[in-house]
Amino acid sequence: MSRAAEQAMTSDIVDAFLDAGLADTGIYTAPGGALVSCRVVINRARAQFGDFGGAARSRDTITLLTAEVPSPRRDAIVAADG
């Protein structure tokens, strides 16, 4: 499958998540950068598993589409409504 086909399929999936209330629209801002409109999937208290399969901790994660934010930075700000 080509990269363009993968990006199109992922975009369709995120659109379905938006329709179902499982994703949000947001604004991505890299330090010193411009505001970029994007779609985000926020997972709160996502379980992280340890070496032996047991849940070691939980953490929040934000997923962005690289078609919308091609080079995300760790110290950027993502603002989402929802």
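Taking the Cβ of R59 as the centre, find all other residues whose Cβ is under 15 Å away and add up their charges (Lys, Arg: +1; Asp, Glu: -1). Around R59, the surrounding residues sum to +3. Using C-alpha pairs below 8 Å separated by at least 6 residues, the relative contact order for the chain is 31 percent.
Per-residue Karplus couplings for segment 67-76, computed as 6.51 cos²θ - 1.76 cosθ + 1.60 with θ equal to phi - 60°, are listed in order as 5, 9, 10, x, 9, x, 10, 4, 9, 7 Hz, Gly and Pro entered as x.
Protection proxy ranking for 65-72, 5-12, 24-31, using the average of other Cβ atoms within 10 Å per residue and placing the highest first: 24-31, 65-72, 5-12. For the pair T63 and M9, label points projected 7 Å from Cα toward Cβ lie 1.4 nm apart. Using a probe of 1.4 angstrom and keeping all protein chains present, the accessible surface of the chain works out to 72 square angstrom per residue.
Once the gyration tensor of the Cα atoms in the chain is diagonalised, the equivalent ellipsoid follows with semi-axes of 23, 18, 14 Å, ordered largest first.
The values are calculated or read from the model by the stated rules, or taken from the named source; none is laboratory data. What you see is a predicted model; the values in this text were computed from it and never measured. Reconstructed Cβ throughout: ideal geometry from the backbone, glycine too, with neighbour counts over all protein chains shown. These area figures cover heavy atoms from the full protein model, side chains too; ligands, DNA and RNA do not enter into them. Shrake-Rupley method; radii C 1.70, N 1.55, O 1.52, S 1.80 Å.
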